[in-house]
């Protein structure tokens, strides 16, 4: 019994700290809203309505959360292995671009081959884009923060600046529209599928404004898989050991390089999946701006989720709500960048409150005298 | 052949100084911070915010020098956040640094709208006076940067301030036992890094250009960190490295490479940074205590 | 109320509490001017804490400090330094990349205008160096000089700031017996010049040799203060521990079998690329304990790391049961039924943030029954952990507790439990009882002897000469990366070993075994 109550206590503390961070961030956010001469009450109610005000809003909040959950996972997993992956943005772009090319290039593949192929290709390339800084870190001790940020900028040059220009066939800054066989199932089209249209809630989804697509469920599955990987497999045990104490891990016969590279590859693949979803599910092509800063928001998501895959789902939903609600705020005249500010504030407060957690733990433990 | 001639022309080398300026300043700032034991990856955000503040200062007073002052205050204020949260409250330096960068991106765009009513680019403002050598524009901030290099060297290796900063970055407990206030010196070092990064931003917006464009720092804060590492945390080394990166950017902007697509040329500085960091030019060891918060009484 | 005049220092009722632990509990300490006073106690008794309070590094939760008759408030080291109190720490407080002079003047730098006055600094350092016979090289970097010189730099640091009362925390831990003699000469010289010395130690022989009076701490309390000449080592040991102490380990004669392990002409470099192990050859047989005696820093760490797969070798061979394992990594070596108790339990031996369950399997985590096909089997792990912590008496909160919340002794017992439970045939134990309480020391020693009696070969490395002598069957002395001699433990003593540890070969007695 004792061990469960301790575990529950620590989960509650984590939850409480995250909640506190959000609340304080929102409160500080009101200061910035005052700068716009609008009322915070208007702003936050617009936020709420935009995110939860109707079934369609909620569905779109889930849609917005999809890439955030994935980039959040992409930051959280390596964090557990002692690494900072700031490169989710670039990994997302590379994955999405690859999916976009596979999506339009192969014109006569059946859907059950084309779609998985596009997804896997995108995830693989994303994985490479993550594995590369992992390799540099493992073999040459290159600081992964700088390496991943450099790769972000390189990815932008490769995909948005160069890649689009090679393949575009219209005036839009985007690759050609993907084939139908590579498109992800969109919930608004639910009535087109005889089996699904008979489900009780089917009609609710059939609104044209709803943009939710199947990648949301892939994201949830990814979270569960990563949770299992981290906490139930030997690979996860080794990653966490390396993250806490690389010297102790080496003593224990653990190959730190393998752990680092694997963690970064998986992380890149997951971030790549975020990009894949945006291309195959949201935009139906790789278009300039499809990344929308998801890679950086993912950092806030990972932190507020206490770098735990399940926490990341919750964090992703929260920031999805903020993003969706932010649109509504924009309509009432408040710059949606407020949401970005709130994200940054969340990061500050989570980091600051983390110290509090360490302080609490020190109070409990034997201290000082050894 | 023609390409080569272009690369090694005098005007390109002069242009390197211009492009290297923000890197030199930010790298010097990074040296202060990291030599004292605090990893500062928020140089990027401080630079961006400094760039914006410079434009705001110049716009509201008409005097670009006020803009310079504003840029330094802007960098200082972000550095204060890093210092308070990381040195005083001992939070994770990289996480907070990342937060500051995100905050800077958001606040600059936000303030563009609130203060100037625009979305992506600020109105044109008065820029700093400058003169040209061989078709290359030099503004005062470049001179400041060049003068600061030997000044920073002098501070670090010839004064007691420098001795103390170096010691707290290598062995803070040793300094503590001699009565040196480790966290106070770290705090000050971080503030200095913010001032220098902010000044770097001023070069970008009102030194080189005459307006603020969103995200105009474009990763230079991180390239500056790479210059600092490559230069082994030494002012002269960082200067040399910054010049190298500045040269790369100058080449990317001004030289005609027929065999590389123009869209990819912009990626050259970033690729070069990666190559440098991967140690193709030798390994670098940071100050021993860098990155770890200092708790009194713990060894 | 301060006491009579010739007490230079009077600490009264000092209490210092850390989370979960009362490190100092109403401790009293009075020091006479000009005396050499030993502060003794076991690991964890509160000696270093008390001195840190005196030096201003900690604020006491209760009690008062009187210096030269006046009540003082020490808010930081600067206050202590201003009063004339200087401290030479157990782990040197020296900045490696800076020079000797820079380290000495740090914080009290002589200046001319904006610049550091290097000339004056060098001159003042030389004056002190000459006056007290403390030879140092002013321009050398700390990372390049010997441990002995580093210690002298630490002493000069205190004298540079006008210290009259010098505190030494375990100063002899890193010295050979001969260097200890030199240090005590320095103590006598300082005493002649009117300085007062407090030195912390747990080595009773030294206490008898140099001190005038002794104060004993136990479990955070001051037990007694005695005149050195009126007590014996056994008396002091009893005061330290609170009961009669067996200063000797009980063991039977060894019955060694065939050779199980050897190294041939092994060469290993240290972290800076400098040869640390030079052409070493050793052999260990089943059922025997080979102890390696030597002052820390003479290549033992690098030797052990090479043997356990944590460091590359330059040349030579490592053989286990006749098989060449020179290039094996840590994982492969563990699979050969080799156990390793590492010298740094917090850095190598444990993952401090993991709980006991996850630490018990460290190094064996991919084996059945702990995992199968890459999936962890936490039920089996829990059962295994429970069994072991009962069997090895590991205390600290059950298997869900984090390793960092255990005491040093219990952490070490956890490591011993883990390593021994896999029935090793070859055991490498490096500083196995450093920082461990007496009760756990006895337990761990017994475990090692049991292993030996069960036929395992044991390679023991320890900086505690008494431990090496009492546990080992044969002893190899290491100095500057080379084996100076190998002797039977029964045929040698501390004096001879001490001499060998400084590099001089054995003069008489002791058969040399290769």
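A few notes on this one:
- Gaussian network model of chain A, springs between alpha carbon atoms under 10 Å - residue of A:206, A:300, A:76 with greatest fluctuation: A:206
- Where only alpha carbons of chain A are counted, the Rg and the Dmax (Å): 21.3, 72
- Percent of beta bridges antiparallel (DSSP, the protein assembly as shown, rounded to nearest 5): 60 percent
- Rounded to the nearest 500, the helix-only mean residue ellipticity at 222 nm of chain A stands at -24000 deg cm²/dmol, with each DSSP H run of n ≥ 4 adding -39,500 (n - 2.57).
- With q set to 0.07, 0.09 Å⁻¹, the log10 of I(q)/I(0) for the protein assembly as shown, from the Debye formula over equal scatterers at the Cα positions, is -0.78, -1.21.
- Based on alpha-carbon atoms, the Kirkwood radius and the radius of gyration of region B:71-197 give Rg/Rh equal to 1.07.
- Under a Gaussian network description of chain A, with springs only between Cα atoms under 10 Å, the residue in A:65, A:332, A:21 that fluctuates furthest is A:332.
- Take each residue in C:357-366, count the other chain C-beta atoms within 10 Å of its C-beta, and the mean is 4.
- Using every pair of separate Cα atoms, the Kirkwood estimate puts the hydrodynamic radius of region A:226-342 at 16.4 angstrom.
- Rounded Å value of the spacing that divides the Cα centres of region A:103-165 and region C:116-147: 57 Å
- Reciprocal mean inverse distance between Cα atoms of region B:1-96 - Kirkwood radius, Å: 15.4 Å
- The fraction of all Cα pairs in region C:92-188 landing in successive 10 Å bins from 0 to the largest distance is 15, 50, 30, 5, 1, given as whole percents.
- Relative contact order for chain A, counting Cα pairs under 8 Å that sit 6 or more residues apart, in percent: 35 percent
- Note that region B:188-275 shows a convex hull volume over its alpha carbon atoms of 111 Å³ per residue.
- Scattering profile of region C:7-241 at q = 0.13 Å⁻¹ [log10 I(q)/I(0), Debye over alpha-carbon scatterers]: -0.78
- With 5 Å bins from 0: P(r) over region A:143-230, alpha-carbon pairs, percent: 3, 11, 11, 12, 13, 18, 14, 10, 6, 3, 0
- Relative to the longest principal axis of the Cα atoms of chain C, helix C:147-160 runs at roughly 20 degrees.
- When the convex hull of its Cα atoms is projected in every direction, mean area for chain C (nm²): 26.3 nm²
- Based on the reciprocal of the average 1/r between different C-alpha atoms, the Kirkwood radius for region A:81-215 equals 17.0 Å.
- Partner shielding of A:150-163 amounts to 5, given as the average count of beta-carbon atoms from other chains within 10 Å of each residue beta-carbon.
- Reduced Cα scattering model of region B:2-280, Debye log10 I(q)/I(0), q = 0.11, 0.16 Å⁻¹: -0.61, -1.22
- The share of C-alpha pairs in region C:259-501 whose separation exceeds 35 Å stands at 12 percent.
- Axis of helix C:378-391 versus longest Cα principal axis of chain C: the two differ by about 60°, to the nearest ten degrees.
- Chain C: relative contact order in percent, alpha carbon pairs under 8 Å with at least 6 residues between: 14 percent
- Sequence-separation-based contact order of chain B, relative, with Cα cut under 8 Å and 6+ spacing, percent: 36 percent
Read-outs throughout are calculated quantities, based only on the coordinates presented, and are distinct from any laboratory measurement. Everything numeric in this text was worked out from a predicted model, so none of it was measured. Glycine also receives a Cβ, built like all others from the backbone with ideal geometry; neighbour counts cover every protein chain displayed.
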